[in-house]
Amino acid sequence: MMGMIIGVHVKAGEMVEAGQRLATLESMKMEMPVTAPMAGRVTWVGCAERDKVERHQDLFRIEAVTP
């Protein structure tokens with residue numbers, strides 16, 4: 001979805017749970033969460049607050065961590 005990042009809530013190296021909010025995107029005057037599709041470690045963050053994003057743009061990379 002196209003829009004502007006209004007908040008980034010994680011940093012590279014952090015552990016996240018499936019469904020955890022990674023960022024908040026504003027599009028068409030609505031705020032939408034960007035959530036983790038799986039549990040793991042954030043290995044890369046490709047956005048910052050006030051960045052404009054396009055469709056299909058990678059914003060985060062998460063590496064699954066097995067117990």
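The values are calculated or read from the model by the stated rules, or taken from the named source; none is laboratory data. Computed from a prediction, not measured in an experiment: that's the story for all the values here. With ideal geometry, Cβ positions are generated from the backbone for all residues, glycine too; neighbour counts draw on all protein chains shown. Just so you know, the surface numbers come from the protein's heavy atoms only, side chains and all, with ligands and any DNA or RNA stripped out. Shrake-Rupley method; radii C 1.70, N 1.55, O 1.52, S 1.80 Å.
Here are the numbers for the structure shown:
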{"item": "First in the range 28-41 and over 12 Å from I62 (Cβ atoms), second anywhere and at pLDDT 95 or above and open to solvent by 70 Å² or more (accessible area, probe 1.4 Å), Cβ under 7 Å, 6 or more apart", "result": "P33/R21"}
{"item": "Matching residues in the range 8-57 - criterion: being open to solvent by 80 Å² or more (accessible area, probe 1.4 Å), among the hydrophobic types (A, V, I, L, M, F, W, C) and not in a loop (DSSP other than H, G, I, E, B)", "result": "M15, M30, W44"}
{"item": "Test for R61: is it open to solvent by 100 Å² or more (accessible area, probe 1.4 Å), under 12 Å from V10 (Cβ atoms) and either at pLDDT 95 or above or within 11 Å of the chain's Cα centre (by Cα) (or both)", "result": "yes"}
